[in-house]
Amino acid sequence: MAHLARLARIDLSDAELDHLAPQLAVIVESVAKVSEVADDDVPPTSHPLPVTNVFRDDIVVPGLTAEEALSGAPDVDRRRFSVPRILGEEQ
């Protein structure tokens with residue numbers, strides 16, 4: 001544990017090392033158990049359950065015309081939305 005702390009450049013006291021060492025041992029034992037269970041006939045997976053994407057059909061529908069899109073605009077300038085300037089001349 002002290003060696004790992006030095007590699008990670010973490011300054012741990014002796015009491016912290018004594019507290020963390022058993023926790024690290026449990027982690028290492030758990031990884032070893034998982035390694036024992038994994039066999040060559042078990043394919044590696046990223047999820048425990050199969051994941052499938054649900055796609056909807058891509059149906060082309062007509063969009064709004066420029067006139068329809070601008071019909072509710074408070075101010076229009078040359079077939080575009082006209083909005084007040086928010087930046088000063090220095091920008």
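Can you find, among 65, 43, 1, the residue farthest towards the positive end of the dipole of the chain? Put +1 on the C-beta of Lys and Arg, -1 on that of Asp and Glu. My answer, from the dipole projection, is 65.
Would you look at the GNM of the chain, springs on alpha carbons closer than 10 Å, and say which of 26, 76, 54 moves the most? Among 26, 76, 54, the largest mean-square fluctuation in the Gaussian network model of the chain belongs to 76. Report, in degrees rounded to the nearest 10, the 0 to 90 angle that the Cα long axis of helix 14-37 makes with the longest principal axis of the chain. Result, in degrees: 80.
Counting 0.36 nm for each residue step from residue 73 to residue 54 and taking away their Cα separation leaves a gain of 3.2 nm. Close amide H contacts of residue 76 (hydrogens built in the peptide plane, cut-off under 5 Å, sequence separation of 5 or more or a different chain): 82.
Note on residue 11 and residue 34: with the Förster distance fixed at 25 Å, the Cβ-Cβ geometry gives a FRET efficiency of about 0.20.
Throughout, read-outs are computed from the coordinates displayed, never taken from laboratory work. Since the structure is predicted, the reported quantities are computational estimates derived from the model, not experimental observations. Neighbour counts run over all protein chains shown; Cβ positions are idealised from the backbone, glycine included.
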